[in-house]
1. Looking for whichever is in a helix (DSSP H, G or I), over 13 Å from ALA355 (Cβ atoms), of a type in the set (A, V, I, L, M, F, W, C) and in contact (Cβ under 8 Å) with a residue 60 or more places away in the chain here; the options are ILE314, ILE324. Which one fits?
2. Checking PHE413 against (1) of a type in the set (A, V, I, L, M, F, W, C); (2) away from the ligand (no atom under 16 Å from the Cβ); (3) within 30 Å of GLN303 (Cα to Cα), which test does it fail?
3. Among what's in region 103-138 and is assigned to a loop (DSSP other than H, G, I, E, B) and within 16 Å of the ligand (Cβ to nearest atom), pick the residue that is surrounded by the most Cβ atoms within 10 Å (Cβ to Cβ).
4. If you go through region 384-396 one residue at a time, how many are more than 9 Å from the ligand (Cβ to nearest atom) and either within 22 Å of VAL275 (Cα to Cα) or not in a helix (DSSP H, G or I) (or both)?
5. So which residues in region 23-35 are surrounded by 15 or more Cβ atoms within 10 Å (Cβ to Cβ) and either closer than 14 Å to ARG61 by Cβ or without any contact (Cβ under 8 Å) to a residue 60 or more places away in the chain (or both), if there are any at all?
6. Would you call SER274 assigned by TED's automatic domain parsing to the domain that holds PHE177 and not in a strand (DSSP E or B)?
7. Filter region 224-265 down to residues that are small (Gly, Ala, Ser), surrounded by fewer than 19 Cβ atoms within 10 Å (Cβ to Cβ) and farther than 30 Å from ARG337 by Cα, then give me how many there are.
8. Restricting the search to region 139-170, which residues are more than 9 Å from the ligand (Cβ to nearest atom), hydrophobic (A, V, I, L, M, F, W, C) and not in a loop (DSSP other than H, G, I, E, B)?
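The values are calculated or read from the model by the stated rules, or taken from the named source; none is laboratory data. Just so we're clear, the structure is a prediction, and the values are computed from it rather than from any experiment. Neighbour counts are summed over all protein chains in view; Cβ atoms, including those assigned to glycine, are modelled from backbone coordinates with ideal geometry.
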Amino acid sequence: MPMNVQPIPTLPDRINQIRHLTAEIVNREILPNENRLWAWRREGVTDGDRQQARELRADIRAKVKQAGLWAPHLPEEYGGCGLSFLEHAYMNEVLAYSLGAASLFGVVAPNSGNQKILLKYGTEEQRQKWLVPLTEGKLESGFSMTEPDTAGSDPRSLKTTARRDGDQWVINGHKWFTSNGKRADFLIVMCRTDDPEGPAEQNGKMTQIIVPTNTPGVNIVRGVEVWGRTSDHSEIIYEDVRVPLENQLGKTGSGHQAAQDRLGAGRVYHCMNSVGQMWRAFDLMVQRTMTREVHGGLLATKQFAQGFIADSYIDIQAARLMTIHCAEKMDGGGDARTDISAIKIFVPEAFHRVADRAIQVWGAAGVSGDLPLAAMYQGARTLRLADGPDEVHKILIAKNVLKHYREGESWDFGG
Ligand SMILES: Cc1cc2nc3c(=O)[nH]c(=O)nc-3n(C[C@H](O)[C@H](O)[C@H](O)COP(=O)(O)OP(=O)(O)OC[C@H]3O[C@@H](n4cnc5c(N)ncnc54)[C@H](O)[C@@H]3O)c2cc1C
């Protein structure tokens, strides 16, 4: 069943046009080919299937470019289609309807986050050397922040250091969950760097440094198994890794801020992605209730199943409207930090519940590889700890709210 995307009367024509064009590609080119597009993951796949899948993906990418939808997160001069923040957010709920479709639109984590960082913090030389080939698909990248021995949810505790030695940075540290680590040509590594007040491990502020993966001392230990499957979320030991000082991104000490920038707008995009996936799970669930006979009647006639439909409808509407509200606030230049934390908690939880109910309705097929529901469920669960676990965001919400009340002002929910 195609995704039902109609114009939204309150939105500018341009956003409706982007949603319409995206839905056309998703419905015509991607959904009917989902089984063939990602063929290399399936059992018994032949070289011919793989070749066909490659050609199909290239063909769809060409159509995406022709429609002016390629790399929505980047400006035109760096190979993107230069969408505004809201245009991109609204596009995401449509393209995420089909799992994996984002890569056909040129937005793939962690490359997309790295592209944004290179755009904001990179020099023109760095942009030409790393950003442009990344967007053209000639290079791959990773973002290496989390460490096995320190708490990723408290980035101030990171231990990886970079010390100046002449015109080079010398990096030492142990990271893991660096997504895309084995495929990457370069990694953006979060390091504690020397500063004038003392040695890196005591006083150093965070700095992000570009490290080509073929630099001596970059030891990729393994892809950490995730949800029982091999993965490219890599464990990496950096041992006396030397890179030129000019590989530093932005000013010394700007690494923490750059990581926040990477995540701020990104959280809205992730949440709109989750909304798109929930939308698909909902369609699959409702369709199944209308065809599956159990105990003398269709599932759709059973109140347990009707409850799933109603609860999922509420979850999706609430998640979507909260995210749009947050996006509009950000777009208008308002302080949306509390709203960003709120959606980062609420949307993955809602997504988790919706995927869970859809799986329940589909029974065994729900956890099979024949449907996207199992992957959605795992993705939703993972989102609750990646990019800042729920608890960290709850602390932030409470802090922001309490600050208002301490200053003698209550919260304005209309704001
Ligand atoms: C699939 C996947 C891909 C990832 N990709 C990347 C990547 O590309 N690059 C990268 O650098 N990292 C990546 N990560 C790592 C991710 O960002 C971290 O896992 C996350 O930041 C949490 O850090 P941690 O695992 O060290 O958990 P910890 O910081 O050890 O936290 C563990 C738990 O403690 C709880 N907690 C934290 N603070 C508090 C508090 N104040 N009060 C109460 N409870 C608290 C939370 O429940 C939290 O989940 C990835 C993770 C996954 C699962």
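1. ILE324
2. Here PHE413 clears every test but (3).
3. Here the answer is VAL107.
4. 1
5. GLU24, ILE25, VAL26, ASN27, GLU29, ILE30, ASN33
6. Taking the combined requirement at face value, the residue does not satisfy it.
7. Qualifying residue count for the region: 2.
8. ALA162, TRP169, VAL170
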